[in-house]
Amino acid sequence: DGKILWQQSRQHLERVGDKGFFKMAYSTPLVHEVDGVAQLVATSAEHVAAYDVETGTELWWMPYEGFSLVGRPSFGNGMFYVVGSITLDHHAIYAIRPGGQGKIADKQLVWQNSTGIPHVPSPLLVGKELYVVNDEGTAMCLDALTGEVVWKQRLGGNFRASPTQVRDRIYFCSQEGKTTVAQAGRAFKVLATNQLDGSFLASQAVAGRALFFRSDT
């Protein structure tokens, strides 16, 4: 019926206080069920937190420094993969094993990687591999269980769109309209490249057997 079921103020913002600009974030939350409870995981300024979808109660949280987070969380291998920040311009992926209440215990942070992690494009989790492309055009495949770099490749261009998976292919579309189609897996292999006119900021949409790309024109 459109009525508000619950509303929860974000906590753990003591460091930024009333500085509204430093409270912003752009990440889309993720809902995933853990031990029978649907958790809404929201990446925001200064911390990531999980909420009970039914009540809005905060379940667990983890601090980091910085704001203006964009990358969307994902879940797999028993872990949430969250893009946070070390400093304002230095981002990291955190692999978090959920459980307990309040601030997570040290053992729940399985790994973190802060080398070449993007600000805007979201990571793509495919099984036990995590694919990222940073804003300056360097793509990486990370081992999703350990955070170690499996391969790293300069694609060129600038990136805002997130990588997309279709079957065993990963699509990387640059801001300049060049799409690199790579084989999914632990060895980097380019299957095709395609060039479109215009500037591309949005991630691709997938429907049936079609990919949709949106440019500035």
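The values are calculated or read from the model by the stated rules, or taken from the named source; none is laboratory data. No experiment lies behind these values; they were computed from the predicted model shown. Neighbour counts run over all protein chains shown; Cβ positions are idealised from the backbone, glycine included. Each accessible area value is taken on the protein alone, full model and side chains, heavy atoms only, with ligands, DNA and RNA left out. Shrake-Rupley method; radii C 1.70, N 1.55, O 1.52, S 1.80 Å.
A few points about this structure:
- Within the accessible surface of the chain, defined with a 1.4 Å probe on protein heavy atoms only, the carbon and sulfur portion equals 49 percent.
- Region 74-93-region 162-205 distance, computed between alpha-carbon centres (Å): 22 Å
- Summed side-chain charge close to T146 - residues other than T146 whose Cβ falls under 12 Å, Lys, Arg +1, Asp, Glu -1: -2
- Charged neighbours of L125, selected by a Cβ distance under 14 Å, balance to 0 (K, R count +1; D, E count -1).
- Across the chain, C-alpha contacts under 8 Å between residues 6 or more apart give a mean separation that, scaled by the residue count, equals a relative contact order of 10 percent.
- Neighbourhood charge, 13 Å Cβ-Cβ cut-off, centred on A49 and excluding it, Lys, Arg +1 and Asp, Glu -1: -1
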